[in-house]
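Single-structure report; data block below.
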Amino acid sequence: MKRPNLTFGRSADSNNLQGQIDQTQRIQGLGRTIFDSGNIHEGEYVDDKREGWGRFIWSDGAYYDGDWSNGMRNGQGKYIHVTGEIEQGMWIEGELQTPGGETTPIKTPGSGHLME
């Protein structure tokens, strides 16, 4: 199996996204995005999208740690509130699934924690 020729650099599409880039200047592998808001995502990328394991850290210290697919929280993961409260389980298209099949948005009162 031929290994891709990766170097470290910035994505051609975003100065905020850096990591292992291929010849097309897209992140393929480990990378990090630092948003203007101060939020950070670090983890695995495919074609500049969050894919595989990753951690999204909000500027106030809350974070999500888990699986990503197509740029969204998908799979097993946990969200740790600033207060230390933990929400964990299966995530589908960015929302935590509850035993009753309902979804729980990842937002605390007054936190404004939305994904970028």
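FYI, it's all coordinate maths here, none of it is from the lab. Since this is a predicted model, take the numbers as computed values, not measurements. Note that each Cβ is placed from the backbone with ideal geometry, even for glycine, and that neighbours are counted across all protein chains shown.
Summary table below
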{"item": "Estimated FRET transfer efficiency when R0 is 22 angstrom, pair residue 78-residue 53 (beta carbons, to 0.05)", "result": "0.95"}
{"item": "Sites matching trypsin sites (Lys or Arg not before Pro) across region 1-79 that sit in DSSP coil, with at most 14 neighbouring C-beta atoms within 10 Å", "result": "2"}
{"item": "Cβ-based net charge around residue 67, under 10 Å, with every Lys or Arg adding one and every Asp or Glu removing one", "result": "-1"}
{"item": "Cut-off 10 Å between beta-carbons: net charge of the residues surrounding residue 21, Lys and Arg +1, Asp and Glu -1", "result": "0"}
{"item": "Separation of the residue 97 and residue 23 label points, Cα + 7 Å toward Cβ, nm", "result": "4.0"}
{"item": "56, 8, 35 arranged by Cβ crowding within 10 Å, fewest neighbours leading", "result": "8, 35, 56"}
